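Note sheet for the following structure.
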Amino acid sequence: VISCTGYAITAAHVLMDPFEGDYSSVKFNKNKNIIDDKFNFGVLIPTGPGYGVKGFIYFPFEKYWVWGKWLESPLFHERDRFDYLTDLAICKIPNMPNDAAHQPLSLSLNAFLPSETAYSIGYAEMDDIPVEYGERGMIIPDFKADLYVSVGEVMRVFPENHLDREVPTPGPCFDFRAKIPGKMSGAPVFGAEGAVVRGVISRSFS
């Protein structure tokens, strides 16, 4: 979450997963994704100590923005494909219960430099959980969610990758040497000794 009003960032391919994974009814209308009303699509935010109950609150996406274009397939048996301009996406979620503000993380305007230290924190390797949780604001009982921290040195920076496509990750990006578990896409990457967000996890290489 990057603003007190509920704007958040994640990896674009995370938001396109219902379409690419073909597990929800997604319709397209003038470059807009329309998700089936029966599909709960949003984020889970852990409750703080002030709630007195350990668990997560579900917040549906009110809107989200993914940059790229659709490539139509000439083959009848092949689906259209989304060509990402960047793997960064912005989402909008409602305020906290009682219309309280979110506690955002700080963004940095400074790009990484080679040899800087990058930190990533995220819930990786989580099992799938049922999504029929009903209305916004309901506290969901605790489930297994291990928080992973990865630290590594920035190796290379690709500020013009949206033009020259030097590496497979779409858009301006960087790589850093760290152990990133599976299913950690969209986790924030911090710089300045962990003080500010400078990106999100897009993919990992062995």
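For this structure, a couple of remarks:
- Within the full protein context, the accessible area of H13 is estimated at about 50 Å² for a probe radius of 1.4 Å.
- The local environment of R79, defined by Cβ-Cβ distances under 10 Å, has a net charge of -4 under the rule Lys, Arg +1 and Asp, Glu -1.
- D83-M126 FRET efficiency (beta carbon distance; Förster radius 22 Å; 0.05 resolution): 0.20
- Per-residue SASA remark: D146, around 70 Å² accessible (1.4 Å probe; ligands, DNA and RNA not included).
The values are calculated or read from the model by the stated rules, or taken from the named source; none is laboratory data. Just so you know, these numbers come straight off a predicted model, no measurement behind them. FYI the Cβ positions are ideal-geometry reconstructions off the backbone, even for glycines, and counts take in every protein chain you see. Surface areas here come from the heavy atoms of the whole protein model, side chains and all, with no ligands, DNA or RNA. Shrake-Rupley method; radii C 1.70, N 1.55, O 1.52, S 1.80 Å.
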